[in-house]
Amino acid sequence: MIDRERIAEHNRELEPRLVRDVEHLATNLATDGHADAEEVISALVDFSVAAPSWAVGTGGTRFGRFPAGGEPRTTEEKIDDVAALHALTGSNRSISLHVPWDDPADPPGLREHALARGIGFDAMNSNTFQDNPSTTDGGRLTYKFGSLANTDPEVREVAVAHNRYVIELGVALGSQALTVWLADGINHPGQADHRDQFERVADGLRRIHDHLPDGWRMYTEHKPYEPAFYATVNQDWGSSLLLARAAGDKASCLVDLGHHLPNANIEQIVSRLAMAGRLGGFHFNDSKYGDDDLTTGSIKPFQLFLIFCELIRAGDGRLPALAYMIDQSHNVKDPLEDLIQSTEAVAIAYAQAMLVDRAALAAAQLDNDAARAQQVLQSAFRTDVRPLVAEARRRGGAAIDPLGAYRGIGYRRTMIERRGTGTVATGL
């Protein structure tokens, strides 16, 4: 665990400069007359983005995996890493589990372990894209040709049963949502019927939806390709919306920033789903070519800013109450360092979006003044809001410089000594 005293010690040297930077920025914003620094800081203090259990370990590719050392060996240790992350950032209050990668034998005990560290449980993630011998009759049944879309009714039944099990596990842990990402699709033209597959998936999601307890949500997550490369059943936001509507009132759509074809207008997709009342959540990452799972904001920071502008539009000035999670694969970086950088990128985009002069933007749009509208957006985007983000962390008892504090404390070195170097924590 990273205790507050060590963070406070790290902060002492940085506080005087931070105070000056915050005062300077707050004065400039007040002079502009359309943003309040305290309002932005307050929103950032309240904000939280979940960390997925699989992201605290090193990722991999089809070509190999290079362990970072000190990776968690159990779900309890994954929670410990998220608690350390939250102590540094103040913005990662929950963990999202992936079943069966995380399948605790003692759910109440795991919940107590998390609560003792100040960590809650975000949306549960079911896995039917790789076989699980414990639920597929020792290999007789397989997800090789799909799960909910499979032509074999026994396989579909197993997939529905798995999702229901994940819901029950989530109830025991205190979660209130289920995310369903399916690998179901077609690799070769003619391999399966597009419509039949879609209707089988819709039927399966309805049955899963009917098992949701009161207060729960289900999220349908789309992706255009991989591992099905000719066609996937839930390939875009339109299909996701159709499936959510078919499933029931508790279902909505989840947007993973890497689950789009290159140059897709994701901010417009966000707007459409919000208009339809079915925007449910986000998986934050970044990409250059496809589903790269790179550090959030590292490739397309302006797009991330525009997405937050749409979210704030949907939330009437602040972020709406959706499921927010970082979903990344760290192949060469320390996983926790990458999560620290992504958490800060999300907070920066949120703060920048709050600085947009909404009245001026609306006036420019009504006047069809494209140049003025761009100027309004760029003015907010180019504002260095890092002092406000750091001040929000400081007020929450977290680190002004979380990456510097992480390295200074030596958390990874300690974990290598404790856990060793050979653990695979991602489930892949």
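Please treat every number below as a calculation from the coordinates, not as lab data. No experiment lies behind these values; they were computed from the predicted model shown. Heads up, the Cβs are rebuilt from the backbone with ideal geometry, glycines too, and the neighbour counts pull from every protein chain shown.
Brief remarks follow.
- Ratio of the Cα radius of gyration of the chain to 2.2 N^0.38 Å, where N counts its residues: 1.00
- Percent RCO, i.e. relative contact order, over the chain, from Cα pairs under 8 Å lying at least 6 residues apart: 24
- Projected-area average for the range 340-428 over all orientations - Cα convex hull basis, square nanometres: 9.3
- Considering all different alpha carbon pairs of the range 134-178, the Kirkwood hydrodynamic radius works out to 11.3 Å.
- Of all lysines in the structure, those lying under 27 Å Cα to Cα from Lys78, and not within fewer than 8 positions of it along the same chain, are Lys223, Lys333.
- Directionally averaged projected area (convex hull, Cα atoms, the range 386-426), nm²: 4.1
- Separation between Cα centres of the range 377-398 and the range 188-222, rounded to whole Å: 40
- Label-point separation, Arg382 to Asn187 (7 Å along Cα→Cβ), nm: 5.0
- Sorting the segments 96-106, 247-257, 368-378 by their mean number of nearby beta carbons within 10 angstrom, highest to lowest, gives 247-257, 96-106, 368-378.
- The range 288-404: C-alpha gyration tensor shape, a/c 1.5 cut-off, then a/b vs b/c: prolate
- Note on Glu23 and Ala8: the extension gain reaches 3.3 nm, defined as 0.36 nm multiplied by sequence separation minus the Cα-Cα distance.
- Among complete DSSP H helices in the chain, those whose alpha-carbon atoms stretch at least 18 Å along the helix's long axis and whose mean Kyte-Doolittle hydropathy reaches -1.0 are 15-32, 75-89, 153-173, 301-314, 335-354.
- The base-10 log of I(q)/I(0) for the range 1-145, evaluated at q = 0.09, 0.12, 0.14, 0.21 Å⁻¹, reads -0.46, -0.71, -0.87, -1.30 [Debye formula, identical scatterers on Cα atoms, solvent excluded].
- Whole-angstrom gap from the range 274-328 to the range 400-416, using each part's C-alpha centre: 28
- Gyration tensor verdict on the range 56-106 (Cα atoms; rounded if a/c is under 1.5, prolate if a/b is larger than b/c, oblate otherwise): oblate
- Relative contact order (percent, whole number), the range 86-196, Cα cutoff 8 Å, 6+ residue spacing: 30
- Per-residue ellipticity at 222 nm, computed for the chain from helices alone with -39500 (n - 2.57) per DSSP H run of at least four residues, works out to -15000 deg cm²/dmol.
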